[in-house]
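The values are calculated or read from the model by the stated rules, or taken from the named source; none is laboratory data. It should be emphasised that the depicted structure is a prediction, and the values quoted were computed from it without experimental measurement. FYI the Cβ positions are ideal-geometry reconstructions off the backbone, even for glycines, and counts take in every protein chain you see. In case anyone asks, the SASA skips ligands and DNA or RNA and just uses the protein heavy atoms, side chains included. Shrake-Rupley method; radii C 1.70, N 1.55, O 1.52, S 1.80 Å.
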Amino acid sequence: MLLRILNVRQYFFRSIKTTTHSIKTYEKIKEKRNEALLGGGKEKIDNQHKKGKLTARERINVLCDDDTFVEYDMFVQHTCIDFGMDKKKFSGDSVVTGHGLINGRPAYVFSQDATVFGGSLSRAHANKIIKIMDQAISVGAPVIGLNDSGGARIQEGVDSLAGYAEIFQRNVLASGVIPQISLIMGPCAGGAVYSPAITDFTFMVDHTSCLFVTGVDVIKSVTNEDVTSEQLGGSKVHTEISGVAHKSFENDIQALLNLREFLTFLPQNNMCSVPLRSCEDPWDREVPFLETMIPPISSAAYDMLNVILALVDDRDFFEIMPKYAQNIIVGFARMNGRTVGIVANQPKVAAGCLDINASVKAARFVRFCDAFNISLITLVDVPGFLPGVHQEHNGTIRHGAKLLFAYAEATVPKLTVITRKAYGGAYITSSSKHLRGDVNYAWPSAEVAVMGAKSAASVLYKGKSSEEAYILEEEYREKFANPFPVAQKGYVDDIIEAKSTRWRLCRDLDLLANKQLKNPPKKHGNIPL
Amino acid sequence: MALKVRFVNFKMRCSFIRHETNINVDFPNKSYKRGFSTKYSIDQSESTFKKVLIANRGEIACRIIQTAKRMGIKTVAVYSVDDSQAKHVKLADEKIFIGLSSAMDSYLNIEKILNAVRETGADALHPGYGFLSENFDLVKQLESEGVTFIGPSAEAIFRMGDKLESKRTALAAGVNVIPGFDGIVTEVDHCLDIARNLGYPVMIKASAGGGGKGMRIARNDQDVREGFLLSTQEAASSFGDTRMLVEKFIENPRHIEIQVLGDKHGNIIHLNERECSIQRRNQKVIEEAPSFFLDKETRAAMGEQSVALCKQLQYSSAGTVEFLVDQEKHFYFLEMNTRLQVEHAVTECITGVDLVHQMFRVAKGYELNISQEDVQINGWAIETRIYAEDPYNKNFGLPSCGRIYKYQEPLGVRCDSGVEEGSKVSVYYDSLICKLVCHDNNRENVIEKSIKALDTYIIRGIEHNIPLLRDVLSRKSFREGCITTNYLPLAYPEGFKGLTLEERDRHKLVAVAAVLFAANELKSRDFINIPESGIRGKAPREKWHLFIRFDEEKLDVEVALEDNGQFRIELVENVFSIEKNEIKLSEAIMELTVNGERNIFQLLSRNSNGEFMIIYKANKYILNVLPKKVSNYLKLMPKKMQHQQQNEICAPMSGVVKSVFCSVGESVQEGQELLILESMKMQNFIIAQSSGKVQSVEVSVGNSVKYRDLLIKFE
């Protein structure tokens, strides 16, 4: 009897215990969640705001559609026990990860939280990123990184390095499978820079972000150069001089809003077709504006950007690297609602010559488009590769070959319009018929030749008097400064009126939408890096 | 014969007036949409010239080509480098290249024009207006080559070209002239005597002057002394001719002119008046016919005197006698233009006469087929001149050049234009793009028609003065006919600042911006080939909570797409509703029904930062639209870096450097004139914005510079 009473009591007690326990657990979950939402705490958040930056969660809030973000690993904590780190733990550690919708389509996002240990990368931090990257690859959705991190978590030593390395490995595996975009919104230094460098597009925020391998202090001690971090690796440096970043924006809000817009151009992964949006801009409209585009004087410059804007849907063009190697324009637009990649020489800058930087810029863009089934439209007005000792000594051969390689390798629909000059090797390189161009057009103003008339005459008739050379030059001009020679050989499919370019390209893109072309099986090509 | 005439009429209609096939604006009184009546149609049996060369460019060249074509005359266009792809060149049957872009090397070069005439074998030359239209040397040379000049005789041109001579001729013909001294004034004291006799205020002006140069108004003796000296100096430097005139100055006059038409047989008629008082920098911008101000008697008197003057001159062809009319309806002869005027189209509308056709006829030697009794006033016509210029300043227009990437003229009205999509507006020539001519049964209706037409006019790629034109037309004082030649400076003492919307219109515009944002959001996730994602947000999808900044105003706006396909917009205490199907983000013009009212909007551009540029009531407004959740963070964003103090001056427009007034090392004061940039025949002073020392001058006289090119650097 006593035993029985005891049992009942025990049972009773145990029930109370478990109940309080679960209540406690619920509370703890709630508490930890709230803790995680606050990141490094109120003070750190204020500090972040004072720098003109949003917090990791605020950024996600701007980036994703309302109430669509689903967070992973809110309870993850770092595992470091050295240097008293075991007493300083934060729920979720220094990164917020998960997935959400951007204009209705899913994307995986990680947003580094500078309020927790300066956003430094711990093993746990790396694991969180790795988790969403693995899932993104298997699901086939883009990964967006919002970088704002002081670098490795030094207290963790090699664990932190391992974290970086494993992220890089995933970046590489995901490359060409899902679009990867980095938006640098704070510091990103040391080993950390290689992740943005591998991703497809790197954007920056003016004045608040920087990217460099070795910091200003190290530079001061090693080379004695005095430099601020903005001068060393600010947005201006990387979008204009180094070409590391693809575009920069005025502040966090503008950067995130533009990123939302940018994503509307991209497919989810390499297996699905490019987004096709309903288009209200008539696909078959003529564009009389283009008729008067080419100036009457053949050496006069014009702005190729105006040609692009007049051709594409709604004058909507998202330019990539607008301030770097401005002699070539690359970017995304839509034709009859379908995303296309546009590569165009810019006669306004350096006469539209191809040089080292322009070749590399265009080559990477072409390869991105090819990897993600985005058709390419190439507008050609190129007098050749830029001559010069500096160019030759810096390997213009190797870099020019990259562009040639990229075009020759690409299996997506390739449409080409020669608006004016297409000379020499640059003609071959620029998505010519010989590099498996699908449709190649020439405007009536097109001139395709090995070189300009003057240079040709001086080579062909070396040592002749200047009057004779002039006559011969005229003869060469007469022969080649028109689209007939190239059209007679079938190297362009047609000579078209400039105003008909839009509807022709739209029609051809529809026709080529199901183009099937495979390169021979191989492990991978060997692009001249 | 009857059949033939009808066919011609049909053709005429097609070439001049675009049919309202695609009506998106309703114009009342459709019978007024045509520029010409059928009364004076072209008689194809009348023999005429074989080939005419048009020694002009732009809209007037196109205008002349059209009539010549209808008459069966072959046309020859001449063009300079900048005009090689111009509209008038495309319209003509033949084209002759005549030289570099500068007018001196092309359109003003008599030798080159004559060569073109010889080369093409043209048997007539129409000069249009401006350029060589009043050059009697050209007329004489053409005569000696046996080519007909479509215009008056060399003698008439000569006599009306000289101010003194024209005044004498007018006096002899019994025309009212401004009281003044008949002769040259060379001494200051003489000038003072005359001024005192006439009574102040008086006007001192150079005999050879024009365009306001060498002109001074004097209200007392002191003014006369200063004005005489300054005007003489200016006349010497500008025209190399110091002959001065003194006459009474008419206060607040109206500029009213009489169109005349004469033949070589002594027949002269007048075709009523045009009122051209709305001017800026002595250039007309809005003209109308008839004048609101004239009564029947004054009109008849002005007409009779004009005819008398022409009889005195034995004038043939079209011409214009200009008068100043004071507040008591006294009119005074100003000058006579011996050519076709820019604003001839309003006269054509109310009289039904094709003036260019008549010019060809009388030049060929035919008698006028219209008598004075035939000339009636049919309805009312207004011409608004659309210039490529930025109107938001004290000059009421600074040239803007560039290429027009989108161009669409309003339907159902007459547009005499010299541009089309893709046209280049060059720094070398006058910036007139188009003359919009509306015709209706009365003044009120024609003003309404003009406003609607201006609202549906699409010009992209350059700045233009449509905002100013529309604002003038909608002003009470203009509608009441209270206009003088000082209208613009009086109506806009601080210069034109654009239209300030009333609160209700402002909110309407905000509602439209909100709806455009929502429509764009919907479009951004409307993929044809991608099914909607299975995962969805918890928030209702078709609702937007927005924050809109419009100038200083900040508004919270709620937008919801309702089941009936209407957007419902709530802001402050207003509720608007707009049909979703009416929103077409890709179209240049949107006609939206906002709360049952139809309004015309033009979406100029939008960007990812939420900036919407919208044209409403012909004015451009910028609104910034953000989701409310995003706008909450705005205050956290760093303030935009302030631009450093300006230490360089860049070209405010493209043009040619005419003179440079400063040199390296010179200290200049704020407001000092540094150089002159000539653009579209206008000289513009570049002025120092702050005091400083010149470090370098990057340009020299004769250089052509582009918009934003560096001109001067300061230390």
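Summary table
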read-out	value
Sole residue being within 13 Å of another protein chain (Cβ to nearest Cβ) and either buried (at least 23 other Cβ atoms within 10 Å of the Cβ) or in contact (Cβ under 8 Å) with a residue 24 or more places away in the chain (or both), chosen from A:Gly100, A:Gly41	A:Gly100
Subset of segment B:396-416 that is more than 14 Å from every other protein chain (Cβ to nearest Cβ) and part of a strand (DSSP E or B) - its residue that is nearest to B:Gly495 (Cα to Cα)	B:Leu398
Helices (runs of 4 or more DSSP H) lying entirely in segment B:119-178 (those with 1 or more residues that are among the polar types (S, T, N, Q) and free of Cβ contacts under 8 Å to residues at least 12 places away in the same chain)	B:136-145
Filter pass, A:Glu280 being open to solvent by 20 Å² or more (accessible area, probe 1.4 Å) and farther than 30 Å from B:Asn529 by Cβ	no
Evaluation of A:Tyr427 against (1) within 21 Å of A:Gly352 (Cα to Cα); (2) open to solvent by less than 70 Å² (accessible area, probe 1.4 Å); (3) not assigned by TED's automatic domain parsing to the domain that holds A:Ile297 (one fails), failing number	(3)
Every pair of residues 6+ apart whose Cβ atoms lie under 8 Å, when the first sits in segment A:152-176 and is part of a helix (DSSP H, G or I) while the second is among the acidic types (Asp, Glu) and modelled with pLDDT of 95 or more	A:Arg170/A:Asp134
Every residue from segment B:517-542 that is in contact with a strand residue (DSSP E or B) (Cβ under 6 Å, 6 or more places away or on another chain) and at pLDDT 90 or above	B:Phe517, B:Ala518
In segment A:202-253, the residues that are within 14 Å of another protein chain (Cβ to nearest Cβ) and not in a helix (DSSP H, G or I)	A:Phe203, A:Val205, A:Asp206, A:His207, A:Thr208, A:Ser209, A:Gly234, A:Lys247, A:Ser248, A:Phe249, A:Glu250, A:Asn251
Scan of segment B:79-100 for residues that are buried (at least 17 other Cβ atoms within 10 Å of the Cβ) and within 23 Å of the chain's Cα centre (by Cα), ordered by number	B:Tyr79, B:Ser80, B:Asp82, B:Asp83, B:Gln85, B:Ala86, B:Lys87, B:His88, B:Val89, B:Leu91
Residue in segment A:509-524 that is surrounded by 14 or more Cβ atoms within 10 Å (Cβ to Cβ), closer than 18 Å to A:Val382 by Cβ and touching a residue at least 12 places away in the same chain (Cβ under 8 Å) present	no
Count of residues meeting criterion [under 24 Å from the mean Cα position of the chain (by Cα) and more than 8 Å from chain B (Cβ to nearest Cβ)] in segment A:276-288	0
Qualifying residue in segment A:262-275 (condition: part of a helix (DSSP H, G or I) and either open to solvent by less than 20 Å² (accessible area, probe 1.4 Å) or at the interface with chain B (Cβ under 10 Å from one of its Cβ atoms) (or both))	yes
Count of segment A:461-483 residues which are closer than 16 Å to A:Tyr423 by Cα and assigned to a helix (DSSP H, G or I)	6
Among the candidates B:Asn574, B:Asn619, B:Asn529, B:Asn609, residue that is in contact with a helix residue (DSSP H, G or I) (Cβ under 7 Å, 6 or more places away or on another chain), among the polar types (S, T, N, Q) and under 30 Å from A:Gln268 (Cα atoms)	B:Asn609
Members of segment A:55-103 found to be part of a loop (DSSP other than H, G, I, E, B) and of a type in the set (Phe, Trp, Tyr), listed by number	A:Phe69, A:Phe75, A:Phe90
Whichever residue in segment A:301-325 is open to solvent by less than 30 Å² (accessible area, probe 1.4 Å), facing chain B (nearest Cβ under 10 Å) and more than 17 Å from A:Leu505 (Cα to Cα) and, among such residues, is nearest to the chain's Cα centre (by Cα)	A:Phe318
Of residues in segment A:205-226 being under 28 Å from the mean Cα position of the chain (by Cα) and farther than 22 Å from A:Leu259 by Cα, the one surrounded by the most Cβ atoms within 10 Å (Cβ to Cβ)	A:Phe212
Flag for A:Gly52 being assigned to a strand (DSSP E or B), within 14 Å of chain B (Cβ to nearest Cβ) and either farther than 30 Å from B:Met637 by Cα or open to solvent by less than 90 Å² (accessible area, probe 1.4 Å) (or both)	no
Residue pairs meeting the criteria (Cβ under 7 Å; at least 6 apart or on separate chains; first closer than 21 Å to B:Gln672 by Cα, in segment B:692-707; second among the basic types (Lys, Arg) and surrounded by fewer than 18 Cβ atoms within 10 Å (Cβ to Cβ))	B:Gln695/B:Lys713; B:Ser696/B:Lys713; B:Glu698/B:Lys713; B:Val701/B:Lys658
Test: A:Arg123 is among the basic types (Lys, Arg), within 14 Å of chain B (Cβ to nearest Cβ) and open to solvent by 10 Å² or more (accessible area, probe 1.4 Å)	no
Enumeration of residues in segment B:608-642 that are out of contact with any strand residue (DSSP E or B) (no Cβ under 9 Å at 6 or more places or on another chain) and within 14 Å of chain A (Cβ to nearest Cβ)	B:Tyr633, B:Lys635, B:Leu636, B:Met637, B:Pro638, B:Lys639, B:Lys640, B:Met641, B:Gln642
Residue in segment B:386-405 that is under 30 Å from B:Ser47 (Cα atoms), among the hydroxyl-bearing types (Ser, Thr, Tyr), surrounded by fewer than 21 Cβ atoms within 10 Å (Cβ to Cβ) and not assigned by TED's automatic domain parsing to the domain that holds B:Arg57 present	no
Strands (runs of 3 or more DSSP E) completely within segment B:232-348 that count 2 or more residues being in contact with a Pro (Cβ under 7 Å, 6 or more places away or on another chain)	B:244-248, B:268-280, B:317-325
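A quick yes/no check of all residues on (1) among the β-branched types (Val, Ile, Thr); (2) open to solvent by 40 Å² or more (accessible area, probe 1.4 Å); (3) closer than 18 Å to A:Asn357 by Cα:
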{"site": "A:Val389", "(1), (2), (3)": "yes, yes, yes"}
{"site": "A:Ala401", "(1), (2), (3)": "no, no, yes"}
{"site": "A:Ala410", "(1), (2), (3)": "no, no, no"}
{"site": "A:Ala422", "(1), (2), (3)": "no, no, no"}
{"site": "A:His434", "(1), (2), (3)": "no, yes, no"}
{"site": "A:Asp438", "(1), (2), (3)": "no, yes, no"}
{"site": "A:Lys464", "(1), (2), (3)": "no, yes, no"}
{"site": "A:Glu478", "(1), (2), (3)": "no, yes, no"}
{"site": "A:Phe484", "(1), (2), (3)": "no, yes, no"}
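The rows are residues; the columns are (1) on the phi < 0 side of the Ramachandran plot; (2) under 23 Å from the mean Cα position of the chain (by Cα).
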site	(1), (2)
B:Asp105	yes, no
B:Leu108	yes, yes
B:Ile113	yes, no
B:Arg118	yes, no
B:Ala124	yes, no
B:Gly130	no, yes
B:Asp137	yes, no
B:Leu142	yes, no
B:Phe149	yes, no
